[in-house]
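Worksheet: one structure, shown below.
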Amino acid sequence: MFKKICYTFCLTLCLATIISNGSAQTTYKFAERDTTALYMDIYNPVGESNHCCVVFVFGGGFIGGARDNKSNVSFAKLLIDRGYTVACIDYRLWLKGKKVNAVGMVRALDTAITMAAEDLLDATLFLIQNAAKFDIDTSKIVLCGSSAGAITVLQADYELSNRSKMAQNLPAGFRYGGVMAFAGAIYSHNGLVKYKNAPAPTLLLHGIDDDLVPYKFIRFGNLGFFGSNSLAKRFKKYGYPYYIRRYETLGHEVASIICHEIELCDQFIHQFVFEKRQKQIDATIFDPDIKQNPRWHNLKPSDLRNAAKSAK
């Protein structure tokens with residue numbers, strides 16, 4: 001019996017990892033799809049909470065990446081220092097291990113994005129159902145992602161705003177408090193992006209020279225992949241609150257600057273989520289502190305596999 005108690009105690013300790021400022025990280029299983037168990041790491045703020053939960057979705061070309069990699073943990077720490085609860089989540093990596101030629105890339109990306117968005121919506125439902133336990137306000141659930149993760153968070157909000165089949169499990173009337181996308185885009189089967197209901201206030205960060213996740217758009221008839229520039233135009237036309245930051249001379253490097261732009265993220269959440277300001281901000285900047293990386297230039301969406309591998 002004593003050995004069993006010691007084992008249980010040690011196991012409990014393993015479930016909660018203490019990061020540098022003393023905040024506990026706990027892992028929960030939130031869904032199981034296609035026999036794949038999906039987990040999230042919850043990071044709780046030290047001291048007073050602002051009851052806002054930032055759900056972070058990692059990048060990696062729908063091939064690789066992990067919820068607990070070093071950069072994600074660093075970003076979580078910066079957020080919990082500011083009073084946020086953070087949930088770093090898993091999602092299914094549909095393209096992992098698959099050989100996809102140029103002809104099949106569009107269909108493969110469609111499947112990968114759909115599956116990732118479904119998993120994010122499942123994670124959202126889990127947070128809503130456990131809001132009291134995690135001490136979060138469900139009107140202040142904010143999505144954040146980089147690269148493939150940015151595509152996923154934008155797509156999930158798009159599906160929710162249009163109440164598509166994959167979003168039907170979420171409570172009626174629920175909407176995200178905000179969305180923050182570092183080099184993201186939305187995949188549409190119906191031409192231009194159209195929202196039946198207003199999307200969440202959205203922060204779009206994108207390199208003007210990004211050819212991997214398009215800054216503008218790629219379109220094949222009704223099928224389209226619409227980047228931050230195109231989304232900002234739609235938001236402006238219909239009066240939806242948004243903040244776009246366009247980075248001169250940069251390509252897909254913007255997907256990796258989440259920690260660099262922590263102050264902007266904090267400012268966006270306070271103004272657009274907490275204070276509900278109906279602002280539209282469009283800024284083009286040159287930031288010499290963000291260095292160009294040659295591997296992120298002169299790339300095409302068909303190079304997604306090799307680019308994602310090089311980012312590991």
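Listing for the model above:
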| item | result |
| --- | --- |
| Under 19 Å from the ALA132 label point (7 Å along Cα→beta-carbon), backbone N, region 38-72 | 51-53 |
| Rounded to 5, percent antiparallel among DSSP beta bridges of region 26-310 | 40 |
| Cα-based Lys proximity count in region 74-194, under 29 Å, for pairs eight or more positions apart or on separate chains | 10 |
| Stretch gain in nm, segment LYS233-ILE208, where the contour uses 0.36 nm per residue and the Cα spacing is subtracted | 7.5 nm |
| Inter-part distance where region 139-155 and region 206-267 are each reduced to a Cα centre, Å | 12 |
| Where labels lie 7 Å past Cα in the beta-carbon direction, separation of ASP81 and SER139 in nm | 3.0 |
| From the C-alpha gyration tensor of region 26-310, square roots of 5λ in Å | 25, 21, 20 |
| Hypothetical label at ASP287: residues of region 217-256 whose amide nitrogen lies under 15 Å (7 Å Cα-Cβ projection) | 243-256 |
| When region 31-179 is reduced to its Cα atoms, the Kirkwood hydrodynamic radius in Å | 15.6 |
| Magnitude of the charge dipole, region 51-194, Cβ model with Lys/Arg +1 and Asp/Glu -1, debye to 20 | 280 |
| Amide hydrogen neighbours beyond the local backbone of LEU223, cut-off 5 Å, H modeled | GLY191 |
| Paramagnetic reach from LYS29 (point 7 Å along Cα→Cβ, amide N under 16 Å) across region 123-142 | 123, 126 |
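Laboratory data are not the source of any read-out in this text; all were calculated from the coordinates shown. Nothing here was measured: the structure is a model prediction, and the numbers come from that model. Using ideal geometry, Cβ is built from the backbone for each residue, glycine included, and neighbour counts are taken over all protein chains shown.
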